[in-house]
Structures are given as C-alpha cells and as structure tokens.
1. Given contacts defined as C-alpha pairs under 8 Å and at least six residues apart, what's the relative contact order of the chain, whole-number percent?
2. From the C-alpha gyration tensor of the chain, pull out the three semi-axes of the equivalent ellipsoid (sqrt of 5λ each), sorted largest to smallest, in whole Å.
3. For THR99, what residues show an amide H to amide H distance below 5 Å, using hydrogens built from the backbone and excluding near sequence neighbours?
4. 5 Å is the cut-off here: which amide hydrogens, built 1.01 Å from N in the peptide plane, fall below it relative to ASN43, excluding neighbours closer than 5 in sequence?
Amino acid sequence: MSSDFIPIANINDLPPGTCTSIETEDWGVALFNVDGHIFALNNTCPHAGGPLGEGIIEGEHVACPWHDWKFHIPTGICQKNPTPSWNVACYEVRVVEETIQIARPSPPS
Ligand code: FES
C-alpha cells in the first residue's frame, strides 16, 4: 500500500449523503460521504464503465447511474456479481484540515 497521499477535494464540497466523480488525466476516483465517513473507490464501474461517483447512495451502497448495479462503498464489493473481478478498487482516505487526500496506488511492477 502506498503512503503517497494526494489532495483531491475539499471536505466542504462533499456533505454527508453525497458523492462525486474526480477525473484526472490518468485516474478516476469516486468520493463518498456516508454519515460523515469519507470513502474513495475507482470511479469506473466494471460492468460497462459508468461513473460510480455520479451514482445514488443507498445506505452503504452506491447504485451505478448507468444500469443500477450496486457496490458496497467501504469495500468495493459488487452486490450483483460478488466475485473479485467485478469488485472496484478502494483507496485509502484521510482528511487533513479541510482537504480530502487519497493514497494513489503504486503502479504494477
Ligand atoms: S456501467 Fe455500471 S451497472 Fe452498467
């Protein structure tokens, strides 16, 4: 696991019960605020590429906006097909003052 945290959003822009997509040139992150707890998942739905950060939060799950597959936000586990190939990656998150930071995963070696 990387300790290379990068700032990605302001906590004031992500109130409880909301989510957002953050796209950079090489990386897409879905940020979620579930009852004050911040989580980050890969933004790309493994089904057909929908933006999970634009989905609907239902408790601890997000429903993909394209075809309604649901993913467990704290773990990335896909409810519809709970096998590892359908799960989405979770990223470490920390909040420093008002800045949400996430750990960029190390590139495969
Ligand atoms: S692209 Fe997400 S459920 Fe189809």
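We did not get these values from a lab; they are worked out from the coordinates using the rules stated. These numbers come from a predicted model, not from an experiment.
1. 28 percent
2. 20, 17, 12
3. Result for THR99 returns ILE11.
4. GLY28, VAL29, ALA30
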